[in-house]
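The next block holds one structure in the form of structure tokens; read it before the comments.
The values are calculated or read from the model by the stated rules, or taken from the named source; none is laboratory data. For clarity, every value in this text was computed on a predicted model and none was experimentally measured. Neighbour counts are summed over all protein chains in view; Cβ atoms, including those assigned to glycine, are modelled from backbone coordinates with ideal geometry. When the accessible area is computed, the model is the full protein with side chains, heavy atoms only, and any ligands, DNA or RNA have been set aside. Shrake-Rupley method; radii C 1.70, N 1.55, O 1.52, S 1.80 Å.
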Amino acid sequence: MTLHKAFIEEIKLGGVILSRLMPGDDLFTSLKKIAKDHRIERGIIVSAIGSLKDVVFVNVRPHTGMPVKTEDMIEIEEAGPFELLSLEGNLFPSHEDGEPVIHLHAILGTSSGAVTGGHLLKATVFATVEIILGSVAGSSVYKAKSDVTKRMELLKE
Amino acid sequence: MTLHKAFIEEIKLGGVILSRLMPGDDLFTSLKKIAKDHRIERGIIVSAIGSLKDVVFVNVRPHTGMPVKTEDMIEIEEAGPFELLSLEGNLFPSHEDGEPVIHLHAILGTSSGAVTGGHLLKATVFATVEIILGSVAGSSVYKAKSDVTKRMELLKE
Amino acid sequence: MTLHKAFIEEIKLGGVILSRLMPGDDLFTSLKKIAKDHRIERGIIVSAIGSLKDVVFVNVRPHTGMPVKTEDMIEIEEAGPFELLSLEGNLFPSHEDGEPVIHLHAILGTSSGAVTGGHLLKATVFATVEIILGSVAGSSVYKAKSDVTKRMELLKE
């Protein structure tokens, strides 16, 4: 099995869930619970707007090569709160154990008008998050650790 | 009736509207007109790309607690023009009078490569905005002023 | 025929394609190939997450008027790599020759936590791009050079 290759598949957007998350909710835990309760094995963030606090995100250092090493990834922790300006990403099952792997990139607004963000590791809802999660039907894609990038990547057998 | 609680509901994405907005158009007025003309009571921004000018947005100050006070929200006014890099958000009817409440977060690009943005209060189309608005079917969610955050939040009775 | 006017049309989101792009892939070439292979004449980016390198983007200079002149557009070239935090945009056929015109705005995260981005001219996949392209059905919109903005704009005859 090659763990690192391109693929293209035709999918369908199935059931769509609208949820309001509450102050203090953990974003990742909340998304996993929604997915489990509504039997969404594979899904994408269709829309998200609100505010976050206690955010941890990571970005890749300039001039990093492949495979990406741990020291090339810079982790940033910020108390916020921030406006959640954009949330992109998806949820696919781990190839190893079927557990959901959530991949999220967030963009955050600050009171100076400056914007920050990155690959999200942790976030707590501040005032609200209005989120729409769309289920992906007709897909057989998993997440597995790539031999090349050494990170969890989408895999179609 | 509790004005502040979490909810999850299964919705459907219904009719989808593609529109091109023109130079000088007010973004909020244009969205309200599209929604009214096409009888979209509840909707989400599916995609938006273009450029904006005369933008007013607001962001929350660091270390703000709950409820959010007016002085915790910093308003920024910028002439631009800016590339409209991302527009997230939705439209739900006010619980009070049924009028559409539009909640938008914008991310804006500047000629230095810096990016700014926040919770949008006002914006005018510069060259174009290519916008796709998706109607939300099967939802009974309203916008109402939360007792806790003191802002307009999504409410499901 | 007026090349510069507003329009509103009801469309449908048709077939949806999920693809993983690979390190070194050209983003624009990859999108064109996906669209051609799956006969997507008109489409939108539904979701995209990953990382990019060797990026060229352009933003409009402050206080620019209409029509936008070449010297009002500032081109920025960056080696990266960057986290791809947001990718908005669409693909419509050229009115002149039917060839796909891709309009993309990207937002990129850097290791300092700063965010950059703009109207994308060129980008190469760094580690991965997980992209979902939705086809737009029921549309008769083209891209044509506007007499007013002097840029390629959406046109409905």
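Here B:THR29 meets the list (1) modelled with pLDDT of 95 or more; (2) open to solvent by less than 50 Å² (accessible area, probe 1.4 Å); (3) of a type in the set (S, T, N, Q) almost entirely, failing just condition (2).
Residues in segment B:54-77 that are charged (D, E, K, R) and in a loop (DSSP other than H, G, I, E, B) were compared, and the one that is farthest from the other protein chains (Cβ to nearest Cβ) is B:LYS69.
Being closer than 13 Å to B:VAL68 by Cβ and part of a loop (DSSP other than H, G, I, E, B) is the filter here; which residues of segment B:139-157 pass it? Within segment B:139-157, B:SER146, B:ASP147, B:VAL148, B:THR149, B:LYS150, B:ARG151 qualify. Does B:PHE82 count as aromatic (Phe, Trp, Tyr) and at the interface with chain A (Cβ under 9 Å from one of its Cβ atoms)? No.
Of all the residues in segment A:94-117, those that are outside any loop (DSSP other than H, G, I, E, B), over 14 Å from B:ALA106 (Cβ atoms) and within 9 Å of another protein chain (Cβ to nearest Cβ) number 7. Only a single criterion out of (1) under 28 Å from C:HIS4 (Cβ atoms); (2) open to solvent by less than 10 Å² (accessible area, probe 1.4 Å); (3) free of Cβ contacts under 8 Å to residues at least 60 places away in the same chain is not satisfied by C:GLY109, namely (1). Taking the condition of being assigned to a strand (DSSP E or B), more than 23 Å from C:GLY117 (Cβ to Cβ) and open to solvent by 10 Å² or more (accessible area, probe 1.4 Å), how many residues in segment A:78-93 meet it? Residues meeting the conditions: 0.
Evaluate the following for B:LYS69: is it within 30 Å of A:GLY14 (Cα to Cα) and at pLDDT below 95? Taking the combined requirement at face value, the residue does not satisfy it. Within segment B:4-13, one or more residues are under 25 Å from A:LEU31 (Cα atoms), of a type in the set (Val, Ile, Thr), open to solvent by less than 20 Å² (accessible area, probe 1.4 Å) and over 16 Å from the mean Cα position of the chain (by Cα).
If you check A:THR128 against the conditions, is it outside any strand (DSSP E or B) and either away from chain B (no Cβ under 11 Å) or of a type in the set (Ser, Thr, Tyr) (or both)? So A:THR128 fails the test. So which residues in segment C:32-43 are part of a loop (DSSP other than H, G, I, E, B) and either within 11 Å of chain A (Cβ to nearest Cβ) or surrounded by fewer than 17 Cβ atoms within 10 Å (Cβ to Cβ) (or both)? Scanning segment C:32-43 gives C:HIS38, C:ARG39, C:ILE40, C:GLU41.
Confirm whether A:GLY134 is out of contact with any Asp or Glu (no Cβ under 8 Å at 6 or more places or on another chain), open to solvent by less than 20 Å² (accessible area, probe 1.4 Å), within 14 Å of chain B (Cβ to nearest Cβ) and touching a residue at least 40 places away in the same chain (Cβ under 8 Å). Taking the combined requirement at face value, the residue satisfies it. Give just the number: which of (1) more than 8 Å from every other protein chain (Cβ to nearest Cβ); (2) open to solvent by 10 Å² or more (accessible area, probe 1.4 Å); (3) not polar (S, T, N, Q) does B:MET22 not satisfy? Here B:MET22 clears every test but (1).
For B:SER140, the test of being open to solvent by 10 Å² or more (accessible area, probe 1.4 Å), within 14 Å of chain C (Cβ to nearest Cβ) and at pLDDT below 95 is failed.
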